[in-house]
Each structure stands twice: as C-alpha cells, then as structure tokens.
Amino acid sequence: MARSPLILVALISLIPLLCHSFSPETPTGRRILVLVDDLAVKSSQSLYFKSLSSRGYELDFKLADDPKIALQRYGQYLYDGLVLFCPTVERFGGSIDQAAILDFVDSGHDLIIAADVQSSDLIREIATECGADFDEDPAAMVIDHINYAVSENEGDHTVIASDNLIKSDVILGSSKIEAPVLFQGIGHSLNPANSLVFKVLSASPATYSANPKSKLSSPPALTGSAISLVSVMQARNNARILISGSLSMFSNRFFRSGVQKAQSSTKHEKSGNEQFLTEISKWVFHERGHLKAVNVKHHKVGEEDEPAVYRIKDDLEYSVEIYEWSGSSWEPYVADDVQVQFYMMSPYVLKTLTSDKKGVYSTSFKVPDVYGVFQFKVEYEKLGYTTLSLSKQIPVRPFKHNEYERFIPAAYPYYGAAFSMMVGFFLFSFVHLYSK
Amino acid sequence: MAAEPRWGSGGGAAALLLLLLVAAASICHAASNFLPVSDAHRSAALELFAPVDGSFGSLEETSEALQSFDILGIERRTNVRGSTCSSAVEVLGSSSSPVKDVFYALKVSSLLKCDVRQSQLEAIASRLKSVPSDASSLNDFYYSIGGLVLIKNQIPVVDVLLEDADKVFQAIKALSQSDGRWRYSSDNPVSSTYAAGMALETLAGVISLASNEIGQSRIDAVKNDILKLFDSIEKYDDGTFYFDEKVDGVGPLATTSSVVQGLTAFASTASGRVKLPEDNILGLTKYFLSIGIPGDAKEFFNQVNSLSCLENSRVSVPLILALPATVVSLTNKDKLKVRVTTALGSRSPPLKVKLVRAFISGSKDASVIENQELIFDSEGAFHILDLLPTSIDVGKYTFVFEIVLQDSEDAKVYVTGGQTKVPVYISAIIKIENAEISVLDSDLGSVDTQKKLNLGKEDDVSLAANHLQKLRLSFQLSTPHGHAFKPHQAILKLKHEKAEHIFLVGNSGKKFQVILDFLGLVEKFFYLSGRYDIQLSIGDAVMENSFCQDLGHVELDLPEAPEKAPRPAAQPDDPFSKYGPKAEISHIFRAPEKRPSENLSLAFLALTLLPFLGFLVGLLKLGVNLKNFPSAPVPAMFAILFHVGIGSILALYALFWLKLDLFTTLKALGLLGVFVMFVGHRILSHLASTSSKLKSA
C-alpha cells in the first residue's frame, strides 16, 4: 500500500514532461498536429513532412473533421505547432474552432496555414485574423501570363514560377534560392493596419487574381505586386505563422518538378520549393531567428561592480550577451545594429553596441546631466528575429554639495579681498589700540 | 453496372452499348490528362530505395525495393545479394521466427534466387502448412499461405499442397462481412477494406494450393463479395476511383493497393472471370497515376506494384491515352501527339486513335473537327494529328479521343475507357496593331495630344491632362488566322504614389479601347494631382507574347479636394523600413559657465591686494607705534590673549572656508567669542582707565 503514493509522486513528476512548449532551455522534441481534409495529402505532400520529421518533429496526422482532435487537455497544450493542410474544411472536429486556434497562437505556438482554391470561410477567417485577406472570389486563382512555369501539360498559366523572395537570411537561410518557386493557388493581400505580417513570396506586376475559367467582367480585386503568395507573421509573443495560398506548392510533384520560367531560357532541374519551404519551416518552428539576451551588466568605467545609483556625468560601461538558437544549441549572435537606450520618458542616449563576434555587445557613454530614474533599454526588432526587449532601472542623482569644483581661479579676487580685509583688520586692531 | 455487357457473352444489344458509352463518357466528365509511369519514376525509385551500408533495411523493405526495381525494369546497381541472402537464410533456418518474417524471407530469397536448401524449404513448408489449420487471425492466414505460394513457385518439388484447403477457405471466408469487407480476426468486430484485399489474396493462394478443387459455389460467393466491395468504391471529380479505409492509420493508397492486389490475384487463380465495371478498373489505374511520384518508399511500392498487378492481371489491362504536350503552339507549327500505353508505360497492342471531335472548352458550340483518324508514327510510338485544320484558331479546346483496337481479340484483354477528353491549349503569337494613346478635350472630343505606342516593346510617353480632359488608349489584337482575339487579362493601371487604379480594357471586335473621363473619376482618384504611371497588361493563356508594360506617365492636374472627400487607403509599408537601427542620440550637456581667464583673475587679485598695501604704507607713513601696549604683566597677558583670540577667530573663518562645516565652526566660534569677550573686556577697560588717568593728569 505504501507504493501507491510513490507512484503518484512519480506520475506528478512526469507532468512537466507532457507539455512541450518552446522554452529557451529545451527547445527540441516538439510535437506538431497536422490537420488534413484527405489523408491522401499525407502521401502527396510526404517530402515536406519527411523534411520536418527528419529534423526531429513528431507529426500527428489527423483528419480535420475527426471528432477526437483536441489542442489542449486539462489546460495543457498537447502540441507546439499546428499545420492546417485542410483548405476546404468548413468546421473542425472535436473541440477545435477558430477561437481555439487563435488561443493556441496567442499562447506562443506556431501555425502553418495552406489555403487553396475553394478554401472554406473558416480557413479564410483564420488567415484574416493573422492579417492576410484572401481573394473573396472562391474560384479565383493567381494567374500570371508572363512569369508562369513552362509546362507542356499546364496551359492555363496558374502555375506561377516566382522568384520575388524577401531578402532576409534569417527567414530563407543563408544559401540563395536559385530556382524559382512554383505556386498554384489563391492570392492574398496584407492588411495595411497589421504591422507584423509581411510578404515572403510576392507576385510580379503582371499577376492578377481571377477565375481562369470565366471572362473578367470587373477589374480584379487583387493585381500586381500587391498580391502576396506566401506571407509570414511574427506575433508580439514571438509565435510565428506561415500563410500560403497554395497547398500544392508543398506537394511532392512541385518539389521534384523542374522549372523553367516563361520568356527565359534557363531551365532548373528542380524547383526552389523544397529549399524555400524547408528553410521557411525552420524559421516558423524557431530553428532560426530566435534570440535570447543574458548577462546584462553595467558599471562605472574602471570598476567591476554594478552601482545602485549613478551620478550625473559619470562614465559607464554597458554590456549584454545575445545568442541565437540554431536548432540544436545557442550560438553567439553577430550583428552590428543592436542599440541601447538610456531612457527616461524619452531616450537621452541611444547608442549602437559593438559586438566582439562572440555574442557580447558592449558600449560606454557618459551619464547625462539630468537626474531622475532612468532605464537601460534594449528594444531589438529586426525583420524575422524575435523581439528582444530588456529594461533595467537605475536612478541618477545630481552632484552633492561637496562634489562641486573648489578654488575657482575666477574667484581669486574675492578670496584676496576677504583675506586682505581680515589681515588688515587684525593689524588695525593693534594700531588702533596701542598706537600713540 | 452498365459496363458489364462488355464481358457478357449474350445480348450485346445496341441499347446496352449506348449505356456503356454514356457510362464511359461520364468517367472522363472532367477532362484531364494522366501521364503513364516514366523515367522520372525510375530515377525517383533509385533515390527512394537507396541501400544504406549494402542493405535496404528489413527483409520487408528489401523485398519491396527489389520488386519495385523489377517492375520498373531497373538494374540493381548495388549488390545486396550476399548480406541479404544470408539474413534471409538465417530467418528461414530458425524455427522460432515469426510467420511474417518467414514470408518476407521467402520473398526476398525468391527475388534474389538465394541458395536455400531443399530440406530447409521442406521444413518451412510443413511448418507453414500447420499454421492455417488453427489460425484465427487474417494475418496468420495471409503470411502462411503467401509463404507456401512462394515456395511452390520457387521449387515446385516441395509438397505444399493443402489437404484441407476447403476448410481453410471456409475459415477465411467466415471473416467476411456482408458489405464485402473483412475482419482481421474472429474476435475483432471492426471490418476493414484493407483486410478485404489481404483476404482475397490469401483466398487466391488457397485456390492455387488446393489439392482438391474448391467448389465453384464458394468461389462465386467470393466474387459476389468483390462486387459488394466495389459498391463502396469512392470517386474523385477527375474520374479516379479509390478505396478509403474507415479504420485509422491506413491511407487510401495503401487500402486501394491492397484491394487491387487481392482482386488481381484472385482473378488470376479463380476459374471464370470476375465481372467488374471497366470504368472502375480504369479509374483505379488513373488514381494510382494521379498520385504522381510518392515521396515514401512504402507508398511508392504500393503504387508501382498495384499498377503492375493491374497490367498483368486477367481482369483487364487498362490502356492510358495521354498527350505528352497539351499546349500546342500554332506559331511553332507544333503537332498534336497522342501516346497510348499501358499504365507502366509499355507499348500498346496495335490500335488506332480517333479524334472524335474537338470543341472550345466551356462553350456549347458545335465541334470544330469531327472524326479524324490520327497517323501512327512507329518511330516515336506516337499518334500524330498531322495538320491542324484552319478552323482551329487559338483558344482552349477539349479534344475527345477514342481508342479503336485493331484486333478484336485484344478487346477482351484491354480496357480503353471509351472516349477520353483532354483539354488542349492552342497558343500563338497575337498580332498587336494600331496602338495609340491620346488626350482628348472633353467638350469637343478633339484630340489634344496623340502618341503612337509600340506595345510589346518599349514605350515612354509623357502626357499632361486636367480634369476636363479624357485619356484614350486603343489598340487592335488579332489571331494568326486574322480573327478577333479577346485576352483574359486586358488591364490598364494608373499608379499614383498613394493609390492605384485599375481599369479593364473593353473591346468591340478586334478593336480595344478604354476612355478615361477624368471629370467622372476625380472622386475615385481622391483628388490627387501629380504623376500617374501608366501600366498596361495584356495576357492570355494562349497568347505567347503576353506582356506587362510601363507606357510612361500622365501628369494629372485635378481640382483641390473638398473637405469631406474620401482619403486613399493606407499602403502597406515596406517591412524593412520599419526595422533597422535608429539614428544614434547623444546627450547634449549643459555648457559650463563662461569664466574669465586665469590671468585676468590674478590681475584682479593683485588689484584687491592693493588697498591692503596702501594701508600698510599709510601706517608706516603715519609712524604708528605700539607705545600704548601695557607694560604691566597682567594687562599685557590679556592684550596678547585678546589678539590671539581675534587671530583664532580669523583662522577659524579660514578653516571654515577650507574644510570645517557650519556646526563645528559655530561651536568653536561660541567658545572663542566668550573668551575674546572676557579678555577683550579686561584689556579694553584697562586701556580706558589708563587713558582717563592720562586725561585727568
């Protein structure tokens, strides 16, 4: 009987292991729920899933209308990422609905959405919440009669070969994507009010979004470079979302297919899809661009210990260590645009930190001649990187009465006058009293 | 079931044939082009089944790899025979290895022709023969019967025949359900389509191993089950058929593959034909082809193996009609080629391909071509439509082909699926003429400025207009045959830095024209004056010279916006501009007070000392003396103490200036003051009394 409490203790100690959320200490071993409307997607998109599982993700495939699916149980999330490869689902099964998915993102989890022609309102609404508005015409597709992929079997120019990629190493990896990326699906525009979402793959100026089977009767809602094919969003809590208007761009067919852009003679053996989507999934699942800052230090020049208060016009040194998660370990982050602010209501000093290329950023400056409660602030926002927001409060006092300058030369006449007066008075006291 | 009479011997009524045609046409309702297995599959196979350290992994994986290579006719590049055979023999030698492993070991050894001793095989055979008699689960039946069939095919000498085949047959049949599906075991109530495929394959094995023939009634019952199973077949819109599994974890590909393998195995052993609708067989084939190239080894094997089963089965061999290219350029004088092969890409029997008709997609118009026979090019094994008739202009067409087998015997073996609809794009370079852009005066309609345009090449016009004028853009498009051409995309864009406006260019016949009356557009333009870039995009799927061109710009002078005019929507800003380092800020310190130079201060110091010097000089001049100093010792002592006291007070002031604080100073001053007052009083009263004495004297 004595064993049952022991088992209970053992079970309780296991509970923390059941929730896998991205934590800076152990970011590996993450579980991803993949919702599909047809299990055939699992095989037709298998190369993409293989690239995920080979990087250590546990994929859990479920039909989107499976009545048993759930994102959380007993208040704990069961998954760290969600992949919605179910463009046509009208209603999720189980306890999942639009609000549940948004809550999932709000608690810092990552999401990949692939829409397609005939996407359901549900998927559109989720994308709208993330700042991407898909073309409202359900039959519309992105068409480009100039930058389409040459194919002997696709004549309607809806397979687009795009190479308008965002120029960001952190999102797309450092090696350049040479071959154009194939895309077939619907376009979206970005909500200008949402500053967190941005285009990763955008369309060319000749692109438009319309139903290829019917004649255009009114100007298309989306045209030109305003069309985004693939967008990403990084929420304020660093949850990352990928929104794609095409499910087929993840497919084995597009991964393997060669690509030749119309009106261009270069033929690429393999499309850029695999590289593009693999790299971007690394970004979405925080294998790149996730920063942490540790060891924030500041002290007076020539001293080692952190003071409780600074005096105006002190010279101080500030340093912070910044590391980036590389998928397996924290590597020093190297950049030249990390800035520190010495802040009270507004920045009094804003200075770029110098990096020693080993992750340590430091600078030194003189405390302003204004006293009050200041903050050292590092607000590091860079496209594709998680936001670093550090602040440390420190008071600054004015000079004490005895810290001002003494024996100023300009005052010598006053000193001289006073003392000559005093000496004169002393002599005069003798003369006055004893002279005859 | 309408397709059944094809195989039926009697009847053959015209009405039934008509029904068959309707059924066949309905399969390919959605026109699509399925390409047979090609070299892309072979290179993918080499990639997927790449041996690691000279082995393909487990025996099951090895057998799948080897089978896929054999089906696709790929030579095995790496020699895996030695190590694989030895592990297969090891499994066969152990009497405790599971039946499943024995099955795959037998499979591998038969594929690689490993040296397995006959005595060993006999031992295995007797072991496997004992399994079915007391087996309860379908897996046991499947692997043991499958193993025995493999031994039989490998070394026919070994006695593998089942004495109680009828009983085994019954035991397996007992697991079948009324809807044609099977259960995995008698104590598992879940029925599965995947299991049905396994069961059919096992039953086929039992029939081939039976020492006494299985009763025809039993076989007919299973055939009936197959028909029921096909009632649950599911269909995609593009005319492909597949089986779906209701049980979790088995995908449609694996399920369909299992059924196809079971069906073809059963059909090839059981006496008499299995009558299935031919659209189902063709639909299943198209399903496997529609998958393309799977990325997973297991799925690849399922796909290739099923296609091979269908191709080699006695049910019927589907023929696939495919167009290597569905985009045909009139400008390049491309020829329309059609290729008919089996699903695995091997040659078809002699046949003719007939173009039944061709019509413009989506229109109800009469067809443009009818009943034309394609010419066979034996060199490339193509059927070529030599000359496109002039009635075919650019556009999207649907071509309807029909396969006519030359040998009537072949018709029993092959299924052609009746008519096949294929979408074909006929493209060409479109002639662009008479392009011009002009600014018109609104009231009179007279031309203010007019510029010729060179569409498709480069243009850079610069125009100016005000809100009382109109902008007119016009051009003509015609096909190579001289007909009017209406592109899908004919969009004029005016781009201001704050807003973008899109207009469709309409046409009447060949002539395309758009007139922008700025008076009616000022509100839409948000009263924004300034430079508008003009961009024209003309494009169509069948237009080879689609373009999107900047024509130049027009400088618009629009009236001032009234107060309540709508404002243009905000444009999304560039993500890069939002981030990036900010300008550095350094604090500007208060400037120190301006001070005179040190020399000046010293000069003034000297000046302040001058009166003191004057005072000293004056004293000397006056001839001061200390004759009044008391000579008596007590008053002299008081005088000295008095002046020491005054000196101390002055020194205290100096100390206060240098380092002392106010409290210490006041304390000391208090003490000194009392002292100075006392001694001062004594000496002053002494001096006063001496002077009064002097005066009185």
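The values are calculated or read from the model by the stated rules, or taken from the named source; none is laboratory data. The shown structure was predicted, so the numbers you read here are calculated from the model rather than taken from an experiment. Please note: Cβ atoms are built from the backbone with ideal geometry, for glycine as well, and neighbour counts cover all protein chains shown.
Do we have any residue at all in the stretch B:547-559 that's in a loop (DSSP other than H, G, I, E, B) and either in contact with a strand residue (DSSP E or B) (Cβ under 6 Å, 6 or more places away or on another chain) or among the acidic types (Asp, Glu) (or both)?
Initially, the stretch B:547-559 is screened for residues in a loop (DSSP other than H, G, I, E, B), giving B:558-559.
The next check asks that each one be either in contact with a strand residue (DSSP E or B) (Cβ under 6 Å, 6 or more places away or on another chain) or among the acidic types (Asp, Glu) (or both); those that pass are none.
Within the stretch B:547-559, not a single residue is in a loop (DSSP other than H, G, I, E, B) and either in contact with a strand residue (DSSP E or B) (Cβ under 6 Å, 6 or more places away or on another chain) or among the acidic types (Asp, Glu) (or both).
Can you tell me which residue in the stretch A:149-163 is nearest to the other protein chains (Cβ to nearest Cβ), limited to those that are buried (at least 20 other Cβ atoms within 10 Å of the Cβ) and in contact with a Lys or Arg (Cβ under 8 Å, 6 or more places away or on another chain)?
A:155
Here's the yes/no breakdown for (1) in contact with a Pro (Cβ under 6 Å, 6 or more places away or on another chain); (2) within 29 Å of residue A:237 (Cβ to Cβ); (3) without any contact (Cβ under 8 Å) to a residue 24 or more places away in the chain:
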{"site": "A:138", "(1), (2), (3)": "no, no, yes"}
{"site": "A:144", "(1), (2), (3)": "no, no, no"}
{"site": "A:150", "(1), (2), (3)": "no, no, no"}
{"site": "A:156", "(1), (2), (3)": "yes, no, no"}
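Condition check: over 30 Å from residue B:619 (Cα atoms), more than 10 Å from every other protein chain (Cβ to nearest Cβ) and surrounded by 15 or more Cβ atoms within 10 Å (Cβ to Cβ). Does residue A:389 satisfy that?
On the way: over 30 Å from residue B:619 (Cα atoms): yes; more than 10 Å from every other protein chain (Cβ to nearest Cβ): yes; surrounded by 15 or more Cβ atoms within 10 Å (Cβ to Cβ): no.
In short, no.
In the stretch B:616-625, is there at least one residue being under 30 Å from residue B:694 (Cα atoms), in contact with a Leu (Cβ under 9 Å, 6 or more places away or on another chain) and of a type in the set (S, T, N, Q)?
No - not one qualifying residue is present in the stretch B:616-625.
From the set of residues in the stretch A:183-205 that are under 21 Å from residue A:254 (Cβ atoms) and assigned to a loop (DSSP other than H, G, I, E, B), which is nearest to the other protein chains (Cβ to nearest Cβ)?
Filtering first and then ranking leaves A:204.
May I ask you to verify whether residue B:282 is away from chain A (no Cβ under 11 Å), part of a helix (DSSP H, G or I), at pLDDT 80 or above and more than 26 Å from residue B:183 (Cβ to Cβ)? Break it down into steps so the answer makes sense when it comes.
On the way: away from chain A (no Cβ under 11 Å): yes; part of a helix (DSSP H, G or I): yes; at pLDDT 80 or above: yes; more than 26 Å from residue B:183 (Cβ to Cβ): yes.
Answer is yes for this residue.
Taking residue A:263 and the conditions (1) touching a residue at least 60 places away in the same chain (Cβ under 8 Å); (2) touching an Asp or Glu at 6+ places or on another chain (Cβ under 7 Å), which numbered condition does it fall short on, given that it satisfies the others?
(2)
Would you please name the residue that is farthest from residue A:77 (Cα to Cα), looking only at residues in the stretch A:103-127 that are touching a residue at least 60 places away in the same chain (Cβ under 8 Å) and among the β-branched types (Val, Ile, Thr)?
A:117
Output yes when any residue across the stretch A:93-110 is under 12 Å from residue A:34 (Cβ atoms), surrounded by 15 or more Cβ atoms within 10 Å (Cβ to Cβ) and modelled with pLDDT of 90 or more, and no when none is.
Looking through the stretch A:93-110, none of the residues is under 12 Å from residue A:34 (Cβ atoms), surrounded by 15 or more Cβ atoms within 10 Å (Cβ to Cβ) and modelled with pLDDT of 90 or more.
Being surrounded by fewer than 23 Cβ atoms within 10 Å (Cβ to Cβ), over 33 Å from the mean Cα position of the chain (by Cα) and away from chain A (no Cβ under 14 Å) narrows it down to one of B:305, B:371, B:332, so name that one.
On the way: B:305 fails: over 33 Å from the mean Cα position of the chain (by Cα); B:332 fails: away from chain A (no Cβ under 14 Å).
On inspection, the qualifying residue turns out to be B:371.
Would you mind stating whether residue A:184 is in the same structural domain as residue A:209 (by TED's automatic domain parsing) and either under 23 Å from the mean Cα position of the chain (by Cα) or without any contact (Cβ under 8 Å) to a residue 60 or more places away in the chain (or both)?
Working: in the same structural domain as residue A:209 (by TED's automatic domain parsing): yes; either under 23 Å from the mean Cα position of the chain (by Cα) or without any contact (Cβ under 8 Å) to a residue 60 or more places away in the chain (or both): no.
Judged against the criteria, residue A:184 is not a match.
For the subset of the stretch A:226-277 comprising residues that are assigned to a strand (DSSP E or B) and charged (D, E, K, R), which member is nearest to the other protein chains (Cβ to nearest Cβ)? Walk me through it before giving the result.
Filtering the stretch A:226-277 for residues assigned to a strand (DSSP E or B) gives A:228-234, A:240-244, A:259-261, A:267-268.
Filter once more, keeping what is charged (D, E, K, R): A:240, A:261, A:267.
Working: A:240: 15, A:261: 13, A:267: 15 Å.
By that ranking, first place goes to A:261.
Which condition number in (1) under 25 Å from the mean Cα position of the chain (by Cα); (2) in a strand (DSSP E or B); (3) free of Cβ contacts under 8 Å to residues at least 60 places away in the same chain; (4) within 30 Å of residue A:369 (Cα to Cα) is the one that residue A:336 fails?
Exception for residue A:336: condition (2).
Find the residue count for the stretch A:339-360, including only residues that are in a strand (DSSP E or B) and either hydrophobic (A, V, I, L, M, F, W, C) or within 20 Å of the chain's Cα centre (by Cα) (or both).
Applying the first criterion (in a strand (DSSP E or B)) to the stretch A:339-360 yields A:339-344, A:346-352, A:354-355, A:360.
Then keep just the ones that are either hydrophobic (A, V, I, L, M, F, W, C) or within 20 Å of the chain's Cα centre (by Cα) (or both); that gives A:339-340, A:342, A:344, A:349-350, A:360.
Total meeting the criteria: 7.
For residues in the stretch A:291-317 being more than 30 Å from residue A:30 (Cβ to Cβ) and within 14 Å of chain B (Cβ to nearest Cβ), which is surrounded by the fewest Cβ atoms within 10 Å (Cβ to Cβ)? Spell out how you get there, then give the answer.
Keep residues of the stretch A:291-317 that are more than 30 Å from residue A:30 (Cβ to Cβ), which gives A:297-317.
Now restrict to residues that are within 14 Å of chain B (Cβ to nearest Cβ): A:310-316.
Values: A:310: 21, A:311: 16, A:312: 18, A:313: 14, A:314: 15, A:315: 12, A:316: 20.
So, considering only residues that are more than 30 Å from residue A:30 (Cβ to Cβ) and within 14 Å of chain B (Cβ to nearest Cβ), the one surrounded by the fewest Cβ atoms within 10 Å (Cβ to Cβ) is A:315.
Six or more apart or on different chains, Cβ atoms under 7 Å: show the pairs whose first residue is in the stretch B:558-586 and more than 11 Å from every other protein chain (Cβ to nearest Cβ) and whose second is hydroxyl-bearing (Ser, Thr, Tyr) and surrounded by 11 or more Cβ atoms within 10 Å (Cβ to Cβ).
B:558/B:527; B:558/B:529; B:559/B:527; B:560/B:527; B:561/B:527; B:565/B:527
Residues in the stretch B:573-622 that are of a type in the set (Val, Ile, Thr), surrounded by 12 or more Cβ atoms within 10 Å (Cβ to Cβ) and either assigned to a helix (DSSP H, G or I) or at positive phi (or both): how many?
First, pick out the residues of the stretch B:573-622 that are of a type in the set (Val, Ile, Thr): B:585, B:588, B:608, B:617.
Of the ones still in play, those that are also surrounded by 12 or more Cβ atoms within 10 Å (Cβ to Cβ) are B:585, B:608.
After this cut, where a residue has to be either assigned to a helix (DSSP H, G or I) or at positive phi (or both) as well, the list is B:608.
Final tally of qualifying residues: 1.
Within the stretch A:124-142, track down each residue that is out of contact with any strand residue (DSSP E or B) (no Cβ under 6 Å at 6 or more places or on another chain) and over 20 Å from residue A:240 (Cβ atoms).
A:136, A:137, A:138, A:139, A:141 - these are the residues of the stretch A:124-142 that are out of contact with any strand residue (DSSP E or B) (no Cβ under 6 Å at 6 or more places or on another chain) and over 20 Å from residue A:240 (Cβ atoms).
Across the stretch B:311-329, which residue is nearest to residue B:358 (Cα to Cα) among those that are touching a strand residue (DSSP E or B) at 6+ places or on another chain (Cβ under 7 Å) and away from chain A (no Cβ under 12 Å)?
B:321
Exactly one of (1) part of a helix (DSSP H, G or I); (2) within 8 Å of chain A (Cβ to nearest Cβ) is unmet by residue B:640. Its number?
Only one criterion is unmet by residue B:640, namely (2).
Take the conditions within 14 Å of another protein chain (Cβ to nearest Cβ), out of contact with any strand residue (DSSP E or B) (no Cβ under 9 Å at 6 or more places or on another chain) and at pLDDT 90 or above and apply them to residue B:624. Does it pass?
Working: within 14 Å of another protein chain (Cβ to nearest Cβ): yes; out of contact with any strand residue (DSSP E or B) (no Cβ under 9 Å at 6 or more places or on another chain): yes; at pLDDT 90 or above: no.
Taking the combined requirement at face value, the residue does not satisfy it.
For the stretch A:405-436, how many residues meet the condition of being more than 8 Å from chain B (Cβ to nearest Cβ) and part of a loop (DSSP other than H, G, I, E, B)?
3
Restricting the stretch A:334-382 to residues that are charged (D, E, K, R), in contact with a strand residue (DSSP E or B) (Cβ under 6 Å, 6 or more places away or on another chain) and over 15 Å from residue A:310 (Cβ atoms), which is farthest from the other protein chains (Cβ to nearest Cβ)?
Residues of the stretch A:334-382 that are charged (D, E, K, R), as a first pass: A:336-337, A:351, A:356-358, A:366, A:369, A:377, A:379, A:381-382.
Still in the running and in contact with a strand residue (DSSP E or B) (Cβ under 6 Å, 6 or more places away or on another chain): A:351, A:358, A:366, A:377, A:379.
Pick out the ones that are also over 15 Å from residue A:310 (Cβ atoms) and you get A:351, A:358, A:377, A:379.
Values: A:351: 6, A:358: 21, A:377: 12, A:379: 9 Å.
Of everything passing the filter in the stretch A:334-382, A:358 is farthest from the other protein chains (Cβ to nearest Cβ).
Can you tell me which residue is farthest from residue A:311 (Cα to Cα) among those in the stretch A:385-428 that are among the small types (Gly, Ala, Ser) and out of contact with any Leu (no Cβ under 9 Å at 6 or more places or on another chain)?
Initially, the stretch A:385-428 is screened for residues among the small types (Gly, Ala, Ser), giving A:389, A:391, A:410-411, A:416-418, A:420, A:424.
Now restrict to residues that are out of contact with any Leu (no Cβ under 9 Å at 6 or more places or on another chain): A:389, A:391, A:411, A:418.
Working: A:389: 25, A:391: 19, A:411: 26, A:418: 34 Å.
My answer is A:418.
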